[in-house]
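The values are calculated or read from the model by the stated rules, or taken from the named source; none is laboratory data. Bear in mind the structure is a predicted one, so any value in this text is a computation, not a measurement. Heads up, the Cβs are rebuilt from the backbone with ideal geometry, glycines too, and the neighbour counts pull from every protein chain shown. When the accessible area is computed, the model is the full protein with side chains, heavy atoms only, and any ligands, DNA or RNA have been set aside. Shrake-Rupley method; radii C 1.70, N 1.55, O 1.52, S 1.80 Å.
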Amino acid sequence: MTRTIKALVRAPDPLTQSAVSGHLGSAPNIEIVSEERPDPADVAVVVAERMTVEVTSLLRKIKATLRVPVVLIPSEIERADLFMAVECNVVAVLPRAAATSKRIEEAVLTAATGGGVLPSKLLGELLRQIERMQREVLSPHGLHNSGLTPREIGVLRLMAEGLDTAEIADKMCLSERAVKRVIFGVTRRLNLRNRPHAVAYALRSGVI
């Protein structure tokens, strides 16, 4: 049985809100939820003219409170705004001129299953921005895209292989105290609960 996807729609005016909600609500496997309902949403759909301060604030609020992927339908989006949108959990961008009801529905279903939708030009620009950030910001400070240093990645990789602190210290030619400092630094900086959580973070980030 196909799971019903619950979508929250936010639009700049009642007419657009009604139209997008109506299109999505008519799909057999999508249910529209309101902010007043206790049911949690699986995906948020945000329609906007452009990435204004108000829209960015809304996206950050959705990220902080709902923690769900976002489908953004802008009339226009600047290159400089793209990275900010991705940081706010936007996984799909549909230019409003091309946002048919079918494409919106497909984007919602894709977002709900962990996928993303970006026009090829925007995808290329996002990749260039990530490469630029790695080259100009992270690499000069010895950081990876995950926010981990090479030493931290090495320690986490050995932890994932089941080695204890002494064994990791021996493998990496460090003292046990240094290994413990690395682990403590990672968990505190990234707000991770414990060692298994740190290993899980490294796995999800694709660094080990």
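So, in segment 151-194, of the ones that are among the charged types (D, E, K, R) and part of a loop (DSSP other than H, G, I, E, B), which residue ends up least open to solvent (accessible area, probe 1.4 Å)?
Step by step, filter segment 151-194, then rank; the result is D164.
If only one of V117, V108 is surrounded by 17 or more Cβ atoms within 10 Å (Cβ to Cβ), modelled with pLDDT of 90 or more and under 30 Å from R79 (Cα atoms), which one is it?
Only one candidate passes the filter, namely V108.
Just a yes or no: is a residue in segment 9-31 surrounded by 12 or more Cβ atoms within 10 Å (Cβ to Cβ) and acidic (D, E)?
Checked against the condition, which is being surrounded by 12 or more Cβ atoms within 10 Å (Cβ to Cβ) and acidic (D, E), segment 9-31 yields at least one hit.
Which residues, taken from segment 36-78, are polar (S, T, N, Q) and within 18 Å of A99 (Cβ to Cβ)?
Within segment 36-78, just S75 meets the criteria.
Go through the residues of segment 81-88 one by one and say whether even a single one is more than 19 Å from L118 (Cα to Cα) and open to solvent by 20 Å² or more (accessible area, probe 1.4 Å).
no
What strands (runs of 3 or more DSSP E) completely inside segment 1-94 contain at least 2 residues that are not hydrophobic (A, V, I, L, M, F, W, C)?
Per the criteria, 5-10.
Does L126 count as of a type in the set (A, V, I, L, M), at pLDDT below 80, on the phi < 0 side of the Ramachandran plot and touching a Leu at 6+ places or on another chain (Cβ under 6 Å)?
yes
Could we say that A98 is farther than 26 Å from L192 by Cβ, at pLDDT 80 or above, in contact with a Gly (Cβ under 7 Å, 6 or more places away or on another chain) and not β-branched (V, I, T) here?
Taking the combined requirement at face value, the residue does not satisfy it.
Which of (1) more than 18 Å from the chain's Cα centre (by Cα); (2) at pLDDT below 85; (3) closer than 25 Å to P14 by Cβ is the odd one out, the single condition V47 does not satisfy?
Here V47 clears every test but (2).
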